[in-house]
1. Starting from the Cα coordinates of the range 39-110, work out the convex hull volume and express it per residue in Å³.
2. Rolling a 1.4 Å sphere over the protein heavy atoms, what is the accessible area per residue of the chain, to the nearest Å²?
3. On a full-extension model of 0.36 nm per residue, what is the gain between SER24 and LYS85, subtracting their alpha-carbon distance, rounded to one decimal in nm?
4. Treating each Cα of the range 1-93 as an identical point scatterer and ignoring solvent, apply the Debye formula and state log10 I(q)/I(0) at q = 0.12, 0.16, 0.19, 0.23 Å⁻¹.
5. If the chain between PHE52 and SER105 were fully stretched, how many nm would it gain, using 0.36 nm times the residue separation less the Cα-Cα distance?
6. If you take the charge dipole of the chain about its Cα centre, with +1 on Lys and Arg Cβ and -1 on Asp and Glu Cβ, which of SER6, PHE46, HIS103 is farthest toward its positive end?
7. Please list 75-83, 6-14, 25-33 highest first by mean number of surrounding beta-carbon atoms within 10 Å per residue.
8. For the chain, with all protein chains present and a 1.4 Å probe, just round the carbon and sulfur fraction of the accessible area to a whole percent.
Amino acid sequence: VQLQASGGGLVQPGGSLRLSCAASGSFFNINHMGWTRQAPGNEREFVARISFGGNANYADSVKGRFTISMDNAKNTVYLQMNSLKAEDTAVYYCNANVNRGYHASYWGQGTQVTVSS
């Protein structure tokens with residue numbers, strides 16, 4: 001199973017970005033997908049997660065600013081990030097938990113998001 005993330009970049013404070021992550025490979029279905037992030041010198045932290053049925057959870061630090069969604073037909077998860085702050089600067093990693101007859105988790109390669117004026 002491969003996860004291909006895209007959409008990172010440089011944006012000014014208050015701006016928006018949308019990250020995408022597509023899952024491909026051999027699996028029956030996706031149980032849930034999500035995003036974590038890691039800033040320099042910090043531990044990786046949870047950002048958001050969405051189940052196949054559409055239930056979403058967010059870190060308190062991004063609630064009201066970020067929206068996670070999933071296109072089940074495309075096995076793709078999106079993270080719409082609005083009102084970005086400097087503290088959102090990090091490498092963002094997507095992840096997926098899939099059903100292969102057993103549950104297995106996979107991680108993408110990471111995409112850099114930099115919020116700076």
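The values are calculated or read from the model by the stated rules, or taken from the named source; none is laboratory data. Bear in mind the structure is a predicted one, so any value in this text is a computation, not a measurement. Cβ placement follows ideal geometry from the backbone for every residue including glycine, while neighbour counts extend to all protein chains displayed. We work out accessible area using only protein heavy atoms, side chains counted, and drop any ligands, DNA or RNA first. Shrake-Rupley method; radii C 1.70, N 1.55, O 1.52, S 1.80 Å.
1. Working: hull volume 7.8 nm³, N = 72.
Spelled out: Cα convex hull of the range 39-110, divided by residues, is 109 Å³.
2. Working: 6050 Å² over 117 residues.
Heavy-atom accessible area per residue stands at 52 Å².
3. Numbers: separation 61, 0.36 × 61 = 21.96 nm, distance 3.16 nm.
Computed gain between SER24 and LYS85 is 18.8 nm.
4. Computed log10 I(q)/I(0) values: -0.36, -0.64, -0.89, -1.24.
5. Values: separation 53, 0.36 × 53 = 19.08 nm, distance 1.43 nm.
Extending this stretch completely gives an extra 17.6 nm.
6. Toward the positive end, the furthest listed residue is HIS103.
7. On the way: 75-83: 20.3, 6-14: 13.7, 25-33: 15.8.
Output ranking for 75-83, 6-14, 25-33: 75-83, 25-33, 6-14.
8. Numbers: 2760 of 6050 Å².
Summing carbon and sulfur atoms, their accessible area is 46 percent of the total for the chain.
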